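Comments concern the structure below.
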Amino acid sequence: MLEVRNLEVVYDDVMLVLRGVSLAVPPGSIVALLGANGAGKTTLLRALSGLLDVHDGEITKGSVTLDGRPIHTMRPAQIVRLGISQVMEGRRILGELTVEENLRVGGHTSSTSHLDRVYALFPVLKERRKSVSGYLSGGEQQMLAVGRALMAGPRYLLLDEPSLGLAPALVGQIRDLVLEINRQGTTVLLVEQNATMALSIAAHGYVMETGKIVMDKPAGELLADEDIKEFYLGLG
Ligand code: ATP
């Protein structure tokens, strides 16, 4: 189980951005983390992956544990080795490298089985494996970013807004892929602005507002509650 307890994060020594966040991602599940721009969702993912340092952020209180073991003091590479991989928002692929080179950068071992799994999930990446990544479409680049994270063979996949900027048809494809990745045994924490999509596949949903969790319910209940939809999810 991946667990966040009472987490407080500060940027630049002064700016309190997470104000005591607690959240649990049980093995095998899809958990959705929702909330408006600036609520602190990306910051929470950075805390889980050990990437706060790079952004002048720091955990000032609370803990992140994996199966009871504290990981919030670990380096990013160590966290990846323990089985947690993050797909960055905005894709962050290396545009001048080919598709396959990008995938191999993501794998810490030269694991052919991971590459085969990624190509089976994303046949378009196999077709384009020798193409320069910068020329892929937005949707393909997003798939490549997810594929790269899967190359580490994670038990937990952290996805930061995979549907951002994609056409509705592609959003449906990403949704199906997240479901399939989960079905194959990877636990998913899905950060999304697209609340309907995320809640349609998640077991549980958390809603964040200005650095706090304000809602924590089974996804079906969040979707069914008209007030929540209107006030927190912008679906009213
Ligand atoms: P978005 O969907 O826009 O990414 P978010 O919910 O992921 O929103 P965060 O990106 O975590 O929110 O940002 C939370 C707050 O922290 C915002 O007020 C943002 O301006 C601030 N913030 C984010 N990164 C930094 C940073 N490196 N230094 C200072 N402040 C930051």
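The values are calculated or read from the model by the stated rules, or taken from the named source; none is laboratory data. Please read these numbers as outputs of a predicted model, since none were measured by experiment. Glycine gets a Cβ as well: all are built from the backbone with ideal geometry, and neighbour counts include every protein chain shown. With ligands, DNA and RNA removed, areas are computed over all heavy atoms of the protein, side chains included. Shrake-Rupley method; radii C 1.70, N 1.55, O 1.52, S 1.80 Å.
The table that follows gives values for the structure above.
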quantity: Count - residues of the range 146-188 that are more than 13 Å from the ligand (Cβ to nearest atom) and out of contact with any Pro (no Cβ under 8 Å at 6 or more places or on another chain); calculated: 29
quantity: Hey, Val25 among the β-branched types (Val, Ile, Thr), away from the ligand (no atom under 16 Å from the Cβ) and open to solvent by less than 20 Å² (accessible area, probe 1.4 Å) or not; calculated: yes
quantity: Unmet requirement for Val207, which otherwise passes all of (1) at pLDDT below 90; (2) of a type in the set (Val, Ile, Thr); (3) under 21 Å from Pro27 (Cα atoms); calculated: (1)
quantity: Residue match in the range 59-69 (condition: closer than 30 Å to Ala24 by Cβ, within 16 Å of the ligand (Cβ to nearest atom), loosely packed, with under 15 Cβ neighbours inside 10 Å and modelled with pLDDT of 90 or more); calculated: yes
quantity: Strands (runs of 3 or more DSSP E) contained entirely in the range 1-120, each with at least 3 residues that are under 16 Å from the mean Cα position of the chain (by Cα); calculated: 2-11, 15-25, 30-35, 84-87
quantity: Test: Val54 is within 16 Å of the ligand (Cβ to nearest atom), within 20 Å of Ala149 (Cβ to Cβ) and open to solvent by 70 Å² or more (accessible area, probe 1.4 Å); calculated: yes
quantity: Residue within the range 75-86 that is surrounded by 15 or more Cβ atoms within 10 Å (Cβ to Cβ) and within 16 Å of the ligand (Cβ to nearest atom) present; calculated: yes
quantity: Whichever residue in the range 28-51 is away from the ligand (no atom under 11 Å from the Cβ) and in contact with a strand residue (DSSP E or B) (Cβ under 7 Å, 6 or more places away or on another chain) and, among such residues, is most open to solvent (accessible area, probe 1.4 Å); calculated: Gly28
quantity: Residues (closer than 20 Å to Gly38 by Cβ, surrounded by fewer than 22 Cβ atoms within 10 Å (Cβ to Cβ) and in contact with a strand residue (DSSP E or B) (Cβ under 7 Å, 6 or more places away or on another chain)) located in the range 188-210; calculated: Glu209
quantity: Qualifying residue in the range 150-170 (condition: of a type in the set (Lys, Arg) and touching a residue at least 40 places away in the same chain (Cβ under 8 Å)); calculated: yes
quantity: Selection count, the range 66-93, where residues are under 19 Å from Val191 (Cα atoms) and hydroxyl-bearing (Ser, Thr, Tyr); calculated: 1
